[in-house]
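Student: Following this message is one structure expressed as structure tokens.
Read the figures in this text as sums done on the coordinates, not as results from a lab. No experiment lies behind these values; they were computed from the predicted model shown. Because the Cβ atoms are built from the backbone with ideal geometry, glycine has one as well, and the counts that use them run over all protein chains shown.
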Amino acid sequence: MRLTLGPGTHLLVLTGAGVSAESGVPTFRGGGGLWESRPVEQVASPQGFDRDPETVWRFYSARREKLASVGPNPGHVALAEVEKRLGDRFLLVTQNVDGLHRQAGSERIVELHGNILESRCDSCHRLPFFDDASYDTVPRCDECGRGRLRPAVVWFGEMLDPAHLHRVETFINEAPAGDWVFLAVGTSGAVYPAAGLVLQSRSAGGATWLVNVDPPDNRAAFEHFVQGPSGEILPRLFEWSRSGPPLTPS
Ligand code: BV8
């Protein structure tokens, strides 16, 4: 079976931390993952921020510093290129907060969990703003003077931006049943509502593909699974979607 992108085919892509692994950005689960050495709730929940905001800022500051030395890999570039080919028949939904898709040129993108290189005030309604600074004490909001600044990411237990979810729903609803593909790349399928997109796509008539370095827990939800690193697989997958030998999903 080949991933064929015909003249009317729509493509919805969901990426997770695995797509940035070959750029040197640590993933969350599995060997060396960010959650391995610390409980998620401690550093990625509002409760954890209220309990110990310094520790949360040290966690995000270290990740911001890491991002200063990494860049997009061929998987990010392949996604930006296929977007140019498909135009409004393409949408990228990422769980990643590292900004590497935008660096690679992706524009039709929904950053479902926010962006680590932005901060926002936990009290006033100032908009999230670019901030790549590292903090070892909790920064105060210089607009309202009372709030604390926090990374502009979505923590566990926090609602996602309804506008983001609406954009994804609209894309799925408008995709031509039988001529659209949902492709997940580099995600363990552990976090909702992103993890629910594969079943939502199947029931909306999308073909479901997964590219992952190993079979995640929700592998069975996908019709096609291509095992391997996304930085190698994606350029081939999209090149062959034009013509050429099919990739043999395992
Ligand atoms: C919400 C913060 C309303 C930013 C993150 C329904 C059912 C059950 C639970 C829930 C539900 N609805 C809501 C919940 C609760 C919760 C949830 O899903 N909990 C889970 C743990 C069960 N969801 C929420 O709270 C969401 N909010 O829905 O609000 C609500 C609230 C409460 C209760 C009900 C409703 C908010 C979710 C956002 C959480 N914030 N991060 C940050 O610091 O980054 S999520 C965190 O996990 C990251 O953002 C990350 O993106 C995300 C998912 O992880 P992955 O990206 O998949 O990464 P992972 O390391 O797990 O996997 C990487 C994969 O890549 C692996 O499979 C690996 O093999 C592979 N790989 C590695 N290298 C490569 C590769 N693949 C290819 N190539 C390679 N080279």
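Student: Using a ≥ b ≥ c from the Cα gyration tensor of region 178-245 (square roots of the eigenvalues), is it rounded, prolate or oblate, where a/c under 1.5 gives rounded and otherwise the larger of a/b and b/c decides, a/b for prolate?
Tutor: Oblate.
Student: For helix 162-174, what angle does its Cα long axis make with the longest principal axis of the chain, in degrees from 0 to 90 and rounded to 10?
Tutor: 10 degrees
Student: Peptides 127-133, 52-58: what's the order by average Cβ count within 10 Å, highest mean first?
Tutor: On the way: 127-133: 12.9, 52-58: 17.3.
Per-residue mean Cβ counts within 10 Å order the peptides as 52-58, 127-133.
Student: If you put +1 on each Lys and Arg Cβ and -1 on each Asp and Glu Cβ, how big is the dipole of the chain around its Cα centre, in Debye rounded to 20? Don't skip to the end; give the middle numbers.
Tutor: Details: 24 positive and 30 negative charges, 44 e Å.
About 220 debye.
Student: On a full-extension model of 0.36 nm per residue, what is the gain between Phe130 and His166, subtracting their alpha-carbon distance, rounded to one decimal in nm? Intermediate results must be reported in sequence, preceding the final value.
Tutor: Working: separation 36, 0.36 × 36 = 12.96 nm, distance 2.44 nm.
Fully extending the segment from Phe130 to His166 adds 10.5 nm.
Student: If you line up the Cα atoms of region 1-156 on their principal axes, what length do they span on each, largest first, in Å?
Tutor: 54, 36, 26
Student: Which ordering of Ser106, Ser69, Ser134 is given by a fewest-first count of other beta-carbon atoms within 10 Å? Intermediate results must be reported in sequence, preceding the final value.
Tutor: On the way: Ser106 23, Ser69 8, Ser134 13.
Starting with the residue having the fewest Cβ neighbours, the order is Ser69, Ser134, Ser106.
Student: Any idea what the dipole of region 2-140 comes to, in debye rounded to 20, about its Cα centre with Lys/Arg Cβ at +1 and Asp/Glu Cβ at -1?
Tutor: Values: 16 positive and 18 negative charges, 73 e Å.
For region 2-140, the charge dipole is close to 360 debye.
Student: Nearest 10 degrees is fine. How inclined is helix 53-67 to the longest principal axis of the chain, computing both from alpha carbons?
Tutor: 50 degrees
Student: While we're looking at this one, here's another question. Taking the mean number of other Cβ atoms within 10 Å as a proxy for protection, how do you rank 153-161, 219-227 from highest to lowest? Please report the intermediate quantities before stating the final value.
Tutor: On the way: 153-161: 14.3, 219-227: 16.8.
Order by mean packing, descending: 219-227, 153-161.
Student: In whole Å, what is the distance between the alpha-carbon centres of region 96-147 and region 1-74?
Tutor: 15 Å
Student: I would also like to ask the following. Going by how many other Cβ atoms sit within 10 Å of their own, how do Cys124, Cys141 line up, fewest first? Let's see the in-between values first.
Tutor: Values: Cys124 12, Cys141 18.
Final ranking by Cβ density, sparse to dense: Cys124, Cys141.
Student: So how much slack lies between Arg146 and Glu65, counting 0.36 nm per residue of separation and subtracting their Cα-Cα distance, in nm?
Tutor: Details: separation 81, 0.36 × 81 = 29.16 nm, distance 2.67 nm.
Full extension of this stretch gives 26.5 nm more.
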